[in-house]
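Read-outs: derived from the displayed coordinates by stated rules, not from any lab. What you see is a predicted model, and the numbers here were worked out from it, not measured in a lab. Cβ atoms come from the backbone with ideal geometry, glycine included; neighbour counts cover every protein chain shown.
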There are 2 protein chains.
Amino acid sequence: MCELLAMSANVPTDIVFSFTGLAQRGGITGPHVDGWGITFYEGKGSRTFKDACPSSESQIAKLIQSYPIKSEVVVSHIRQANRGCVALENTHPFTRELWGRYWTYAHNGQLSDYQDKFVVARYQPVGDTDSERAFCWILECVADKFGDRAPEDMQVVFRFIAGLADEIRQLGVFNMILSDGEYLMSYCSNNLCYITRRAPFGKATLIDTDVVIDFDKETTPLDVVTVVATRPLTNNEHWHLLQPGEWILFKQGELLPTA
Amino acid sequence: MCELLAMSANVPTDIVFSFTGLAQRGGITGPHVDGWGITFYEGKGSRTFKDACPSSESQIAKLIQSYPIKSEVVVSHIRQANRGCVALENTHPFTRELWGRYWTYAHNGQLSDYQDKFVVARYQPVGDTDSERAFCWILECVADKFGDRAPEDMQVVFRFIAGLADEIRQLGVFNMILSDGEYLMSYCSNNLCYITRRAPFGKATLIDTDVVIDFDKETTPLDVVTVVATRPLTNNEHWHLLQPGEWILFKQGELLPTA
């Protein structure tokens, strides 16, 4: 299995604190030693840092922890390979362009008997993971359904994707994070939780390493920052645990209705 | 204008030496202060490092210079903005997937009256540069022409792209680098040159900063490494200058016939 981490915020925010906890799970407090990646959106642009070596040993991961990149949406993943060998092309997050936006995706879980289901042409996987193929199939279905221009109401698109995720969950475990740089969607198969931090901010203590942060010193009273993860990253805050089949959608840190 | 740099090699090779020279042009020996980016292919996978700040000041550029990533194909660019504001989404190289491969592209030059020419649907620009729109149009034309699967003979595809580049050159200056991770194509509008290094290797001296390298100590006798750049990066070697409208294609460092 793997670990997922994502953020949605109403102001450019760095994710150094949460990533520091996650990176420990890549070889120190967790067995996820088969690569890691993180995508930062800055406006419509995005950049992804990836490494096929463990995050706890990666020089690039050290840079991310020492050089705070401020972003409104972040998607991150550390990998323990099940399907697909350890290689850069199999390292999440995966990104494709649709409607002039970069869509970024990461998956935790394992799927079976998916080859016949995930028939793709416009979006084809580069690596050989079930995860990337499922992502390509999702975007292929979205492009088929909505055409060459994004609809006015993007929540309709994410509801459609949630329906696709329900289908994919029939093939195995499918905890998923997806963003177009504006919205952040998470779908829960068995392990996913989130926390929304806003004023009054307090202190938080990482579970995986001996770090405490006082968010009150790092934020302004108007900041709203949501963090999504496979398992809680801190041990003194209340994380919302999602139910199997539940999905959530955030924009600028705020939870949106999904019904 | 901007500076381009690319590499094609028959063994995974680091580009630290050449990138060190190029990065100087981003604010020290050249005026290209509006961002930079570099894409490394490792097998079918690729990763891109980008920054909207000058390469001579970038912490990420420092990492690239101190942490040799070995790659068979590299595409790099430092930017002096003309069309499109200074922002991450306007920073080259640009990447899109076609036929289960990541295609990476960088452009030096400026185009005019291109909006009517570059009509796109499947591949849409995220930023607002002429460069990215031309790239999207190229891939759109390739997908239209060859369909959903790569043809057996990829050189046919690059000849077709050279024809598109001839059309684009009618709209302005179009020095271009393009790779699918296996082939490296370069198209010259007015500034492009290359050098192929092979045994017996010698010493090379960078023009832009006081660095000398002895390739004989860094290579094996079978290595073939081609570097493409807008202007020569060393002052004691013979670089081949391309003519306007000329294009070249490399695979594993070796020049392929284009006729």
Cα-based Lys pair tally, chain A, threshold under 18 Å, eight or more apart or on separate chains: 9
Value of Rg to Rh for the protein assembly as shown (Rh from inverse mean 1/r over Cα pairs, i.e. Kirkwood): 0.97
Modelled FRET efficiency - R0 22 Å, residue A:212 with residue B:62, Cβ distances, 0.05 increments: 0.15
Computed E for residue A:149/residue B:119 - FRET, C-beta separation, R0 22 angstrom, nearest 0.05: 0.95
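When the Cα atoms of segment B:3-256 are enclosed in a convex hull and the volume is divided per residue, what value in Å³ results?
Cα convex hull per residue, to the nearest whole number: 112 Å³.
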Selection from B:11, B:194, B:131 lying farthest towards where the dipole of segment B:3-256 points positive, charges on Cβ: B:11
Helix axis angle, B:154-169 relative to chain B longest principal axis, alpha carbon, degrees: 80 degrees
MRE, 222 nm, helices only [DSSP H, n ≥ 4, -39500 (n - 2.57), over the protein assembly as shown, to nearest 500]: -6000 deg cm²/dmol
In Hz, Karplus ³J(HN,Hα) per residue of segment A:60-67 (6.51, -1.76, 1.60; θ = phi - 60°; x = Gly, Pro): 6, 4, 4, 4, 4, 6, 9, 10
Charge dipole (debye, nearest 20) of the protein assembly as shown; +1 at Cβ of Lys and Arg, -1 at Cβ of Asp and Glu: 160 debye
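Could you tell me the relative contact order of segment B:17-139? Use alpha-carbon pairs under 8 Å, at least six residues apart, and round to a whole percent.
It rounds to 23 percent for segment B:17-139.
Relative contact order for chain A: what percent, with Cα pairs under 8 Å and sequence separation of 6 or more?
Answer for chain A is 23 percent.
Within 13 Å, Cβ to Cβ, of residue B:221, how many net charges do the neighbouring residues add up to if Lys/Arg are +1 and Asp/Glu are -1?
0
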Shielding by partners - mean other protein chain Cβ count within 10 Å, residues of A:50-60: 2
Potential lengthening between residue B:86 and residue B:166 on full extension [0.36 nm per residue; Cα-Cα distance subtracted]: 26.0 nm
On Cα atoms only, tilt of B:130-146 relative to the major axis of chain B in degrees: 70 degrees
Efficiency of FRET between residue A:238 and residue B:10 - r from beta-carbon atoms, R0 56 angstrom, step 0.05: 0.50
Distance from segment A:126-197 to segment A:1-71 (C-alpha centre basis), Å: 21 Å
Rounded to the nearest 20 debye, dipole of segment B:3-256 from Cβ charges on Lys, Arg, Asp, Glu: 120 debye
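If you place +1 on the Cβ of every Lys and Arg, -1 on the Cβ of every Asp and Glu, and leave all else neutral, what size is the dipole of segment A:61-110 about its Cα centre, to the nearest 20 Debye?
It works out to roughly 80 debye.
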Over segment A:176-259, equivalent-ellipsoid semi-axes from the Cα gyration tensor in Å: 23, 17, 10
Selected from A:198, A:47, A:122 as most flexible by GNM, with chain A as the system and alpha-carbon contacts under 10 Å: A:122
